[in-house]
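Only one structure is covered here, and it is reproduced in the block below.
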Amino acid sequence: MSTRNPLEEYLKKRDFSKTPEPQPGTRKPSESPIFVIQKHDASSLHYDFRLEVDGVLKSWAVPKGPSTDPSEKRLAIITEDHPMEYADFEGVIPQDEYGGGTVLVWDAGVYHNLKEDKEEKVSMQDSIEKGQVEVWLRGEKLTGGYVFIHTGKKDSNQWLLIKMKDDEADARRNPTSTEPKSVLSGRTLEEIEAQEAEKEDENKS
Ligand code: MN
């Protein structure tokens, strides 16, 4: 892990004269750390699961999205840290740019580090380094405990995302298919695309 600017990779991958994605700003850390899950219709559809840790958003790309069923293990690929400003981002990244495609805020809320309650009091940063993260989410669609477990060799970017067995677990729910809309704007991916295209046309005329 780099001790340099944690957002260096984020910045390097993007041309801000072309992408509408936010540049790192001055947004302060939250009183309760936030989480956000963005549905991203890139070359392959996935859900970007982000947890606020020490002033940045730690990020995993989850191809199938989170499940509310504890028997489902969802692959989660750890990706570059994102700036706090990204938490509110919805829009269309141009096709030729990194991550080209439409982004929607699928769920958002606050979380609690469950390992903070244990005797060892493991911080989020240490949990990530040790390859086991346990959080309690309070979102609009997802609530309850979730665990991220690192798999494979030490330098592997693969993790698994699993719902913990608690009162919020529900094997019958399938929120990624039954609740597709943005919790920020109420829009679907298609509506965001259409509205962004309209704006483009207005700017041209
Ligand atoms: Mn993505």
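Laboratory data are not the source of any read-out in this text; all were calculated from the coordinates shown. Here the structure is a predicted model, which is why all the values come from computation and not from measurement. Neighbour counts are summed over all protein chains in view; Cβ atoms, including those assigned to glycine, are modelled from backbone coordinates with ideal geometry.
Please report, in Å, the Rg and the Dmax of the chain, where both are computed over Cα atoms only.
17.0, 63
Using bins 10 angstrom wide from zero, how does P(r) for region 89-205 break down, in % of all Cα pairs?
12, 29, 31, 20, 7, 1, 0
Among the lysines in region 18-109, how many pairs, 8 or more places apart or on different chains, have alpha carbons under 22 Å apart?
Values: LYS18/LYS39; LYS28/LYS58; LYS39/LYS58; LYS39/LYS64; LYS39/LYS73; LYS58/LYS73; LYS64/LYS73.
Close lysine pairs under the 22 Å cut-off: 7.
How far apart, in nanometres, would the label points at GLN158 and SER44 be if each is projected 7 angstrom from Cα along the Cα-to-Cβ direction?
Inter-label distance under the simple model: 1.2 nm.
For the chain, set up a GNM with springs between Cα atoms under 10 Å and report which of VAL133, VAL103, VAL122 has the largest fluctuation.
Between VAL133, VAL103, VAL122, it is VAL122 that shows the largest mean-square fluctuation.
Net charge near PHE89: determine it from the other residues with C-beta under 13 Å of the C-beta of PHE89, scoring Lys and Arg +1 and Asp and Glu -1.
In short, -2.
I'd like the orientation of helix 189-204 relative to the chain: the angle between its Cα long axis and the longest Cα principal axis, in ° from 0 to 90, rounded to 10.
Relative to the chain, helix 189-204 is tipped by roughly 30 degrees.
Which distance in Å, rounded to a whole number, links the C-alpha centroids of region 96-147 and region 32-78?
8
Where does each of TRP60, TRP136 land when they are ranked from fewest to most other beta-carbon atoms within 10 angstrom?
Details: TRP60 24, TRP136 17.
Fewest to most other Cβ atoms nearby, the residues stand as TRP136, TRP60.
Give me LYS28, LYS13, LYS165 sorted ascending by neighbouring Cβ count inside 10 Å, so fewest comes first.
LYS28, LYS165, LYS13
Set Lys and Arg Cβ to +1 and Asp and Glu Cβ to -1, take the dipole of the chain about its Cα centre, and tell me which of PRO22, ASN113, ILE93 lies farthest positive.
Ranked along the dipole, the leading option is ASN113.
In which sequence would TRP106, TRP159 go, from the one with the fewest C-beta neighbours within 10 Å to the one with the most?
TRP159, TRP106
I'd like the FRET efficiency for LYS204 and SER32, computed as 1/(1 + (r/R0)^6) with the beta carbon distance as r and R0 of 30 Å, rounded to 0.05.
Numbers: r = 43 Å, r/R0 = 1.42.
Efficiency at R0 = 30 Å is approximately 0.10.
For labels at GLU119 and TYR98 in the simple 7 Å Cα→Cβ model, what's the distance in nm?
4.4
What number, in percent, do you get for the relative contact order of the chain if the mean sequence gap of Cα pairs under 8 Å and at least 6 apart is divided by its residue count?
21
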